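Take a look at the structure below.
Each value in this text was obtained by applying a stated rule to the coordinates, not by laboratory testing. What you are looking at is a predicted structure, and each value in this text was computed from that prediction instead of being measured. Here Cβ is always computed from backbone atoms with ideal geometry, including for glycine, and neighbour counts include all displayed protein chains.
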Amino acid sequence: MTTTQEIIQLEQQYILQTYKRPEFVLERGEGVWLYDSDGKQYLDACSGIAVNALGYQNQTIVDAIREGATGLLHVSNLYHTAPHALLARDLCQASFADRVFFCNSGAEANEGALKFARKWARSKGHSDKTGFVAFTGSFHGRTMGALSVTATEKYRAPFEPLIGNVSFAEFNNLDSAREVINQNTCAVIVEPVQGEGGVTPATPEFLSGLRALCNEVNALLIVDEIQCGLGRTGSLWAYEGYDITPDIMTLAKPLAGGLPIGAILLTEAVSGAMEPGDHGSTFAAGPLVCTVAHAVLNHINTPEFLSQVKANGDYLATKLNQEVLPSPLIKQVRGKGLMWGLISEPPAGDIVTEARNYGLIILVAGPNVVRLLPPLTMTQAEIDTLIERLLKTLEAVG
């Protein structure tokens, strides 16, 4: 039997070192709890970076995997299968969208959205309308196109030159956006709640103003809900809290509860610009993953489930403000639903590392932001445990 240390040594010897992993090996999960190979228990407050929205060993997902495994795993997009058509129907009926394109990840979803926007502008006879506008604090992925609209310099610099004609405005500053959105802009891409960039919600005035600016210059509004969508903010879609309608929305992380999938939702007006052969993906929309995604979507998209997420999000907000914010190590808490950032005085990485000693898994969202993304199934009693362990962590760091 391979020991914990042997597994870590194999990783260090054979895997490209683009991640700094802690010195334990995760082995199994149940509910909101993870267990390592030595039997230690951890409360998971990051959900695999917002992926495991229904936690671990969720019966809905287990049953869907069993159902899907008895059918087709893969036939490619050259043929009809029922699961991707049913999933597309339910995504459209639950949103603004008329059409869906499936892919395998969030970066692919954003990459495709940028391509669709340029093709849409060209189909309207605007060959010079190729510009994109993104925002400070943005994170849209690490492929070349998605990276081009990601603001963080350390992600971009080693791989430049990226795709051209991208402008950045200040997030939540409509005057700044107005300076760069013009007749040559084909699309504006924005996260309703920024994730990697610090868990910063957009203001209602900012998003409604972006919608108006896009209308003025005939540009598309792309909302990236890869991290903040599918119930994370307490409503099914984050944009619903802003009284706007996008032209394109990108999804990924929680959609298949841990299996890889991405989706680009778009209006008929945009989809009409695309023709057979314009875009594709070998593995996208496989029957197994779409069966699971369909089950996850239908599990989340019920009034009872979403109202529970909202109630627990309000409870977490109250606990953070009343019990965690008084810590001298925490300067601010911000977020929505079950997506929160704690702006810290010491480096956030120090807090994340110390939290593991108290059986708590949390994340960073920048040098001084601790990020909480618990499973949407976390109960109020489990939130109490999260707060208790977080306070012990802060006391130890302080």
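Output the 0 to 90 degree angle, nearest 10, between the alpha-carbon long axis of helix 303-319 and the longest principal axis computed from the alpha carbons of the chain.
For 303-319 against the chain, the angle is about 60 degrees.
Excluding residues fewer than 8 places away in the same chain, name every one of the lysines whose C-alpha is closer than 25 Å to that of LYS124.
Reachable lysines: LYS115.
Dipole magnitude of the chain about its Cα centre, charges +1 at Lys/Arg Cβ and -1 at Asp/Glu Cβ only, in debye to the nearest 20?
Dipole about the Cα centre, nearest 20: 500 debye.
Just to check I understand the Karplus step: with θ = phi - 60° and J = 6.51 cos²θ - 1.76 cosθ + 1.60, what whole-Hz values come out for region 79-90, glycine and proline as x?
Once θ is set to phi - 60°, the couplings for region 79-90 become 9, 6, 9, 6, x, 6, 5, 5, 5, 4, 4, 6 Hz.
Report relative contact order for the chain in percent, whole number only (criteria: Cα-Cα under 8 Å, sequence separation at least 6).
Once normalised by length, the contact order is 22 percent.
So how do LYS154, LYS129 line up by other beta-carbon neighbours within 10 Å, fewest first?
Sorted ascending by nearby Cβ count, the order is LYS154, LYS129.
Compare GLY131, GLY141, GLY280 in a GNM of the chain, Cα atoms joined below 10 Å, and give the one with the largest fluctuation.
Most flexible of the set in this elastic network: GLY280.
Short version: ³J(HN,Hα) in whole Hz for each residue of region 261-278, in order, from phi by Karplus 6.51 cos²θ - 1.76 cosθ + 1.60 (θ = phi - 60°), x for Gly and Pro, what are they?
Once θ is set to phi - 60°, the couplings for region 261-278 become 7, x, 8, 10, 9, 8, 7, 4, 4, 7, 5, x, 7, 8, 10, x, x, 6 Hz.
Taking the Cβ of GLY195 as the centre, find all other residues whose Cβ is under 11 Å away and add up their charges (Lys, Arg: +1; Asp, Glu: -1).
Charge balance near GLY195 sits at -1.
With a ≥ b ≥ c the root eigenvalues of the C-alpha gyration tensor of region 126-251, is it rounded (a/c under 1.5), prolate (a/b larger than b/c) or oblate?
In terms of gyration-tensor shape, oblate.
I'd like to compare 63-76, 355-368, 81-94: which one has the highest average count of other Cβ atoms within 10 Å, and what's the full order after that?
Going from most to least packed, we get 355-368, 81-94, 63-76.
Can you find, among THR245, PRO192, ALA256, the residue sitting farthest towards the positive end of the charge dipole of region 71-300, where Lys and Arg contribute +1 and Asp and Glu -1 at Cβ?
My answer, from the dipole projection, is ALA256.
Roughly what angle does helix 348-357 make with the longest principal axis of the chain, taking Cα atoms, 0 to 90 degrees, to the nearest 10?
Helix 348-357 sits roughly 40 degrees off the main axis of the chain.
Say the cut-off is 21 Å between C-alpha atoms; which of LYS40/LYS392; LYS119/LYS154; LYS40/LYS310; LYS336/LYS392; LYS331/LYS392; LYS253/LYS310 go over it?
Going by Cα-Cα distance, LYS119/LYS154; LYS40/LYS310; LYS336/LYS392 fall outside the 21 Å limit.
Among PHE24, PHE171, PHE206, which one shows the biggest mean-square fluctuation in a GNM of the chain, springs joining Cα atoms closer than 10 Å?
PHE24
Between 0 and 90 degrees, rounded to the nearest ten: what's the tilt of helix 380-397 against the longest Cα principal axis of the chain?
It works out to around 70 degrees.
How much length is gained on full extension from HIS80 to GLU275, taking 0.36 nm per residue of separation minus their Cα-Cα distance?
Here the segment from HIS80 to GLU275 would lengthen by 68.5 nm.
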